[in-house]
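**Q** Mind having a look at this structure? Questions to follow.
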Amino acid sequence: MKHGFGLVLCWIFLLIPRAGLAYPVQGPGATSCAEFAKMYQADPSIEMIFFTWAQGYMSAINMSVMAADRPARELAGESADQQRAFRSYCASNPLKNYMDGVLEFYGKLPFYRKN
């Protein structure tokens, strides 16, 4: 009975929202697509801040998978095409975050081939 009670307490502790804990992703990527679209409409130059974040985020994912000896994705490509893909994702998914569009895009990239 003691073990069951302890297990229940552990689950309760894990399920209770804890104030002060940070979201696992920070920066522009954590912004909703609706908010991104609103900011972009007001000032299109804001996109460079978001895009720079996206490039860093995808680069960090690549570094992580390479450290785990897994294949990375090819990030080379036209910046304008990538930006257009992120804007299109957000236009179609206003309730999601900008980061979700970046992750979807990243998953569609071809694998990086070392020369």
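The values are calculated or read from the model by the stated rules, or taken from the named source; none is laboratory data. The structure displayed is predicted, hence computed values, not measured ones. As a convention, Cβ positions derive from the backbone with ideal geometry for all residues, glycine included, and neighbour counts pool all protein chains shown. To get the accessible areas, we keep the full protein, side chains included, count just its heavy atoms, and leave off ligands, DNA and RNA. Shrake-Rupley method; radii C 1.70, N 1.55, O 1.52, S 1.80 Å.
**Q** Exactly one of (1) without any contact (Cβ under 8 Å) to a residue 12 or more places away in the chain; (2) open to solvent by 80 Å² or more (accessible area, probe 1.4 Å); (3) in a helix (DSSP H, G or I) is unmet by I49. Its number?
**A** That leaves (1) as the condition not met.
**Q** Since Q41 meets every condition but one in (1) out of contact with any Leu (no Cβ under 8 Å at 6 or more places or on another chain); (2) surrounded by 12 or more Cβ atoms within 10 Å (Cβ to Cβ); (3) not aliphatic (A, V, I, L, M), which condition does it not meet?
**A** Q41 satisfies every listed condition except (2).
**Q** Which of the residues spanning the range 19-40 are more than 10 Å from P94 (Cα to Cα), among the hydrophobic types (A, V, I, L, M, F, W, C) and modelled with pLDDT of 90 or more?
**A** A30, M39
**Q** Considering only residues that are outside any loop (DSSP other than H, G, I, E, B), in contact with a strand residue (DSSP E or B) (Cβ under 8 Å, 6 or more places away or on another chain) and touching a residue at least 60 places away in the same chain (Cβ under 8 Å), look in the range 56-113 and name the one that is least open to solvent (accessible area, probe 1.4 Å).
**A** Y98
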